[in-house]
Amino acid sequence: MYKRRLFTPGPTPIPEHVMLKMAEPIIHHRSPEFNEILTRVNENLKYLFQTAQPVLTLTSSGTGGVESTFVSLFSPEDTIIAVNGGKFGERWVKMPRTLGLNVIEIKVEWGKAPTREQIEKALRENPTAKAIYLTHSETSTGTATDVKSLAKIIRNNSTALVCVDGITAIGAHELRFDEWGIDVCVTGSQKGLMIPPGLAFVALSQRAIAAMETSKLPKFYFDLRKALKSYKKNDTPWTPAVSLIIAVDAALQMIRTEGIENIWRRHERMAHAVRAGAAAMGLKIFSDSPSYAVTPVWVPDNVEWKQFNKILKNTYGITVAGGQDDYSGKIFRISHLGYYDELDIVTAVAAIERTLFDCGWKFDIGAGVRAVQEYFTGGK
Ligand SMILES: *Cc1c(COP(=O)(O)O)cnc(C)c1O
């Protein structure tokens, strides 16, 4: 027998009862039944983002959610600042450039988080910047940014909107939209929300909503003014992905039951356990500021990534994510975002141990699992 287990940072595993919800007969989206579901989803999304502000649900992947913010908030030639420390940060430089915005790029070495000095310098040099885009958890490098501190710096030094790609951070890292002074935060359904790909969620502050009134970039489907108008009636401007909204309703109820603080804490613990397991196997962590959603690990020197990945997947059924661009074959990424518990982490580390052993890596087999168990039981 061969059991597949997904440890990738999107799509992430889906709880069985959430999957079954999507198998029920479809309902019409302009019906009292659907309105009731969307009303509950809208309420619970506020809880997820820790906000009293609207969180709009769009039928698109996360990238579409971010695009909706560029086209809905800004005008041609507006200056925006974007942090590029990996594949997603790079996307938030390329996309607004394509859309006709003047983009100031803060380049950050892969595996490092942007510093306070880098943000302050960019704000000083670009006092007319309308926004700064930060990636809370840069999935390509498994690196977390200190959004709380940086948001404060941005708020104290400028009028720029604080815009956050929270796509793998929401549900893994603490994020308090209102308290931290965030203006825009986007997430996607196939990450911490534990449902299939296809929905994006966009939280907007009053400042962001005000910016929408003067925005002149062309838009239609992704016009957040239309989405906001419908949102006020717990409706959507276009046919939404009905089944996914039904799924996210179930997932959000799970999130409320567990409690957002407990969820953040669970992810922090799982991340620390994976790091302890990796260290005990002689593996090194790639990032200086590792994410709680996904742990980036260097492929050991005399292990060949292709062989490692093939054995891990085909023999032990575990799918992890490889490295991208310059880090292809050099790092791999173990996700623990969403529907995972402590014993899932034991399983992932056990499979990595078996695979390393099969690849001829010299280490004390069992040390990784022991370190994970010791971390969880508070040993050492
Ligand atoms: C997955 C991801 C995206 C892109 O989302 P899609 O749903 O693939 O469009 C953007 N940013 C981050 C940090 C992500 O992890």
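The values are calculated or read from the model by the stated rules, or taken from the named source; none is laboratory data. Just so you know, these numbers come straight off a predicted model, no measurement behind them. Because the Cβ atoms are built from the backbone with ideal geometry, glycine has one as well, and the counts that use them run over all protein chains shown. Each accessible area value is taken on the protein alone, full model and side chains, heavy atoms only, with ligands, DNA and RNA left out. Shrake-Rupley method; radii C 1.70, N 1.55, O 1.52, S 1.80 Å.
Work out which chymotrypsin sites (Phe, Trp or Tyr not before Pro) in the chain are exposed loop sites (DSSP not H, G, I, E or B, at most 13 other Cβ within 10 Å) and give the longest gap free of them. All intermediate terms of the calculation are to be shown ahead of the outcome.
Working: sites that count: 2, 220, 238.
Result, exposed sites excluded: 3-219.
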- [ ] Report, in degrees rounded to the nearest 10, the 0 to 90 angle that the Cα long axis of helix 116-125 makes with the longest principal axis of the chain.
- [x] 30 degrees
TODO: Quick one: grab Rg to one decimal and Dmax as a whole number for the chain, Cα atoms only, in Å.
DONE: 21.0, 62
Open item on the list: Taking every alpha carbon pair in region 25-89, what does the distance histogram look like in 10 angstrom bins from 0, in percent?
Closed with: 15, 33, 34, 13, 4
- [ ] Measure off 7 Å from each Cα along the Cα-to-Cβ vector at residue 97 and residue 210, then give the distance between these two points in nanometres to one decimal.
- [x] 3.2 nm
Task: Residue-count net charge about residue 209 - beta-carbon cut-off 10 Å; Lys, Arg +1, Asp, Glu -1 - done: 0
TODO: Would you mind computing Rg(Cα) / (2.2 N^0.38 Å) for region 36-170, counting N as its residues?
DONE: 1.05
- [ ] Give me the percent of the accessible area of region 273-380 that comes from carbon and sulfur atoms, probe 1.4 Å, all protein chains in place.
- [x] 49 percent
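Under Stokes-Einstein, with the Kirkwood radius over Cα pairs standing in for Rh, what whole-number D in µm²/s applies to region 261-352 at 25 °C and 0.890 mPa s? Walk me through the numbers before you get to the answer.
Details: Rh = 13.4 Å.
Approximately 183 µm²/s, per Stokes-Einstein.
Given +1 on the Cβ of Lys and Arg, -1 on the Cβ of Asp and Glu, and no further charges, what dipole in debye does the chain carry about its Cα centre, rounded to the nearest 20?
Working: 45 positive and 40 negative charges, 52 e Å.
Dipole about the Cα centre, nearest 20: 240 debye.
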Open item on the list: Not counting ligands, DNA or RNA, and with a 1.4 Å probe, what is residue 326's accessible surface area in Å² rounded to the nearest 10?
Closed with: 120 Å²
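Roughly how many debye, to the nearest 20, is the charge dipole of region 268-345 about its Cα centre, given +1 on each Lys and Arg Cβ, -1 on each Asp and Glu Cβ, and no other charges?
Numbers: 8 positive and 9 negative charges, 41 e Å.
Using only the charged Cβ atoms, the result is roughly 200 debye.
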Task: Straight-distance crosslink candidates among aspartates and glutamates, where the alpha carbon sits under 15 Å from residue 330 and sequence neighbours closer than 8 are dropped - done: 301, 304
- [ ] Select from 173, 28, 272 the residue whose mean-square fluctuation is largest in a Gaussian network model of the chain (Cα-Cα springs shorter than 10 Å).
- [x] 28
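How large is Rg over Rh for region 305-380, taking Rg from the Cα atoms and Rh as the Kirkwood inverse mean of 1/r across Cα pairs?
Reported Rg/Rh, Kirkwood definition of Rh: 0.98.
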- [ ] Please work out how much length the chain gains when fully extended from residue 115 to residue 304, using 0.36 nm per residue of separation minus the C-alpha to C-alpha distance, in nm with one decimal.
- [x] 64.7 nm
Task: Candidates 13, 296, 218, ranked by Gaussian network fluctuation over the chain, Cα under 10 Å, top entry - done: 218
- [ ] Would you calculate the separation in nanometres between label points at residue 24 and residue 254, each defined as 7 Å from the Cα along the Cα-to-beta-carbon direction?
- [x] 1.6 nm
- [ ] Provide the gained length on full extension for the span residue 221 to residue 363, in nm with one decimal, where the gain is 0.36 nm per separating residue minus the Cα-Cα distance.
- [x] 45.7 nm
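Compute the relative contact order of the chain as a whole-number percentage, counting only Cα pairs closer than 8 Å that sit 6 or more residues apart in sequence. Could you put the intermediate results ahead of the total?
Details: 793 pairs, mean separation 88.9, N = 380.
Answer for the chain is 23 percent.
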TODO: Among 142, 277, 323, determine the one that fluctuates most according to a GNM of the chain built with springs between C-alpha atoms less than 10 Å apart.
DONE: 323
- [ ] Using all C-alpha to C-alpha distances in region 160-242, build P(r) with 5 Å bins and read off the rounded percent in each one.
- [x] 3, 13, 21, 22, 22, 14, 4, 0
Task: Relative contact order, percent, region 55-128 [alpha-carbon distance under 8 Å, six or more residues apart] - done: 28 percent
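Could you work out the longest stretch of the chain that avoids the GluC sites (Glu not before Pro) located in DSSP loops with at most 15 other Cβ atoms within 10 Å? It would help to have the intermediate numbers written out before the result.
Details: sites that count: 77, 109, 179, 304.
Result, exposed sites excluded: 180-303.
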Open item on the list: Once ligands and nucleic acids are excluded and a 1.4 Å probe is used, how much of residue 274 is accessible, expressed in Å² to the nearest 10?
Closed with: 10 Å²
